[in-house]
1. Between the alpha-carbon centers of the stretch 339-411 and the stretch 117-138, tell me the distance in whole angstrom.
2. Quick one: angle between helix 358-373 and the longest Cα principal axis of the chain, in degrees between 0 and 90, rounded to 10, please.
3. Add +1 for every Lys or Arg and -1 for every Asp or Glu among the other residues with Cβ under 12 Å from the Cβ of LEU324, and state the total.
4. Given 0.36 nm per residue, what is the gain on full extension from PHE46 to GLN169 after removing their alpha carbon distance, in nm?
5. At 0.36 nm per residue, minus the direct Cα-Cα distance, what do GLU126 and THR207 gain on full extension? Give it in nm, one decimal, please.
6. Helix 262-272 against the longest principal axis of the chain: what's the angle in degrees, Cα atoms only, rounded to the nearest 10?
7. Apply the Karplus curve 6.51 cos²θ - 1.76 cosθ + 1.60, θ = phi - 60°, to the phi angles in the stretch 180-189 and return the couplings in whole Hz, x for Gly and Pro.
8. Tell me, what is the per residue accessible area of the stretch 205-336 in Å², probe radius 1.4 Å?
Amino acid sequence: MKSSKQDVTTKVNDAKKKERRTGFLLVAPSLILILVIAIWPVLQSFYFSLFDYRLNEPTKSSIHLDYTLDLERYLNNQPFLVTALDQEIDDAPPEVQGQLQDMKEELTEFDEKLREQDGVAGPYEEVDELLFNFEVPSEDLKFVEIDRSFGEEFDEEFESINEELNTLQAEGVLQQGDKLTGLSNALLQTVVESNFIGLDHYKNSLTEKRMWVSLMNTGVFTVISVGLELVLGMAIALLINKAFFGRGMVRAAILIPWAIPTAVSAKMWSFLYDGQNGIIAKFFADIGIIDQMSTLLTTPFGSMAAVILTDVWKTTPYMALLLLAGLQTIPSSLYEASSIDGASKWKQFTQITLPLLKSSLLVALLFRTLDAFRVFDLIYVLTGGGPANATETISLFSYKVMFGQTNFGEGSALAVIVFICVAIISMIYIKFLGSDLLGDGAKK
């Protein structure tokens, strides 16, 4: 008897394990897709944020973990500097000739040490031959990795030579001082140091006032716009959920603002807010909401209000659409029964509609909050973040740093900060509004 029970239990456990494996196999493609599309770009942004990665600076336009030597720059300057020193020695005063001769010997000895470095001799000869034939070496060929100690010695050596030449140039004892100092200055840019800086970008960003201002602007925009959209969207959803003549046409008309591309909406509203010919600006000034027509786009408060109004106009239909879908799942029999029991409309709304609409509210608020927090195109077209960065959001700030200043390192750090903020918002919504959606096991 016991043996048969154990056999049944084993079969049940095996069936459950098989069911779990099947479930994981079915979910695996989606998880892989999420990893590739969502997680991988974030990981890559975090990697870039660990480097001082700037496209507008040649020595930092790529990621360098080790010291790198630019052979093209080196061979375009070192031989000419040696030749120029030879010529200068012949014409220099006796007390300077010895100093110049020492510089020449140091350059020659250091060149020999460079060729002895691992992996340098081959590329050195190839690049030298290409330059001799007036050809341009490839990026992979002209950059060679060198030891950190040798790179530091290289910088120290050529810094010393450069200082000596600049001193002699200031004393006026060199015949071709500009040429010599120019070549020595160029050689100082030959060694490309590692641009790995760790978490410095995050430290700088978290202590930068502009970043916190942009976060505050984002928070103000998100809270006010989503709050207004929730109230108006709920009212519209309750209205169009009722049966009345022309309901289909009303539903279609309400969705028009949401269907218009954001950039087009922003441009349209910029004309309506115009300080000279804007209809909305004129209307608000006439009824006393603003002092003058130009207030909407030229003052911090007016610009933020203008941006929020535009976003509410455009995305309230989206909120109403999500809430309407939730309202249509509530059985009408519940309202009929409550009416018989004498419940008022407000009682029905608070005791029936809101509790049963909780899931739809979570989805609507989550989507709209994340969308509002990441707002970019609306503000970029309407105000550009102005005036005086009064409407600059964190997404717009990271765009300006990354693409405006071509500072990919700091811009990537800001992008990671945006991702962290979005993740925190999502966890807060799920924790306080959506725990019931995850099942009883999640509550435990």
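1. 56
2. 30
3. +3
4. Between PHE46 and GLN169, full extension yields an extra 39.6 nm.
5. 24.4 nm
6. Compared with the principal axis, the helix lies near 80 degrees.
7. Running phi through 6.51 cos²θ - 1.76 cosθ + 1.60 with θ = phi - 60° gives 5, 5, x, 5, 5, 5, 5, 5, 5, 8 Hz.
8. 54
The values are calculated or read from the model by the stated rules, or taken from the named source; none is laboratory data. Because the structure is predicted, anything quoted here is derived from the model rather than measured. Neighbour counts run over all protein chains shown; Cβ positions are idealised from the backbone, glycine included. SASA here: full protein model, heavy atoms, side chains in, ligands and nucleic acids out. Shrake-Rupley method; radii C 1.70, N 1.55, O 1.52, S 1.80 Å.
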